Amino acid sequence: MWVRYYAEGVKSDLFPIDLADSEATVALGHELGKAAKAGETIALVGDLGAGKTTLCQGLMSALGYEGEVTSPTFSLVQEYLGGQLEVFHFDFYRVNDEHELLDLGWDDYIDRKGLILVEWPQLFPELLPADTSWIHLHHLEIGRRAESYLIPRK
Ligand SMILES: Nc1ncnc2c1ncn2[C@@H]1O[C@H](COP(=O)(O)OP(=O)(O)O)[C@@H](O)[C@H]1O
Ligand SMILES: [Mg+2]
């Protein structure tokens, strides 16, 4: 069961929001990027093609990052350095076991107090900090819908 949650620092009227095209997804990412703070984690849930990476692209542009932003599906993590915050972009899609993430230095990434973005976070939800902001992207017939949730903790 998911519980509705509004990320701290983001206006509560931001969610739910319908995103008519990829520019709207980028624009939402931009709003999230403007509100992002060091030490935060943003978890992006959604099927393949739901717009998770597109949201990250908008977010990174708000932070002044000029490099490429793509799903780190095979590398598992990409580091975006040189923007206003250090950002670590994870993709759990191809992770078989949480030990792969721990071996990659997951705890060190958390300790670095950058901004952490995670695609497919629901595969290993127990790794995510308790104050993670959860954003869920759904396909609509045309476009996408974004909602924000907090996953209940046991
Ligand atoms: N709101 C939207 N409406 C229509 N297409 C979108 C929207 N947001 C993103 N897209 C497009 O969907 C495709 C997949 O987006 P992507 O961000 O790679 O998805 P994901 O990372 O969730 O797999 C891209 O071509 C992107 O431009
Ligand atoms: Mg992606």
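Among Phe74, Phe124, Phe92, the order by Cβ neighbours within 10 angstrom, fewest to most, reads Phe74, Phe124, Phe92. Rounded to the nearest 500, the 222 nm mean residue ellipticity of the chain from helices alone is -7000 deg cm²/dmol, with -39,500 (n - 2.57) taken per DSSP H run of at least 4 residues. Most simply put, segment 74-148 has about 65% antiparallel DSSP beta bridges, counting only bridges with both residues inside it. For segment 27-91, what is one quarter of the convex hull surface built on the Cα atoms, given in nm²? Quarter of the Cα hull surface area: 4.1 nm².
Label separation (Glu79 vs Ile17): 3.0 nm, computed from points 7 Å beyond Cα along the C-beta direction. Just to be sure I understand: of the beta bridges DSSP finds with both ends in the chain, what percent are antiparallel, rounded to 5? Rounded to the nearest five, the antiparallel share is 55 percent. The phi-based Karplus calculation (6.51 cos²θ - 1.76 cosθ + 1.60; θ = phi - 60°) puts the 3J(HN,Hα) values of segment 22-33 at 5, 4, 5, 5, 4, 5, 5, x, 4, 4, 5, x Hz, whole numbers, x for Gly and Pro.
Converting phi to 3J(HN,Hα) with the Karplus coefficients 6.51, -1.76 and 1.60 and the offset θ = phi - 60°, segment 66-72 yields 9, x, 6, 10, 9, 4, x Hz in sequence order, with x at every glycine or proline. With N as its number of residues, the chain has a Cα radius of gyration that, divided by 2.2 N^0.38 Å, comes to 0.96. Going from the fewest other Cβ atoms within 10 Å to the most, the residues Ile142, Ile110, Ile116 appear in the order Ile142, Ile110, Ile116.
Per-residue Karplus couplings for segment 36-53, computed as 6.51 cos²θ - 1.76 cosθ + 1.60 with θ equal to phi - 60°, are listed in order as 5, 10, 4, x, 8, 10, 10, 9, 10, 9, x, 4, 4, x, 6, x, 4, 5 Hz, Gly and Pro entered as x. Report, by chain and number, residues whose modeled amide H sits under 5 Å from the one on Ala36, excluding near sequence neighbours (fewer than 5 apart, same chain). Close amide H contacts, sequence-distant or interchain: none at all.
Between the amide H of His136 and those of Val45, Glu147, Ser148, Tyr149, distances stay under 5 Å, these residues lying 5 or more places away or on another chain, with hydrogens modeled in the peptide plane.
A short reminder: the numbers here are calculations on the coordinates, not readings from a lab. Everything numeric here is computed off the predicted structure, so don't read it as measured data. Cβ coordinates were reconstructed from backbone atoms using ideal geometry, including for glycine residues, and neighbour counts include every protein chain displayed.
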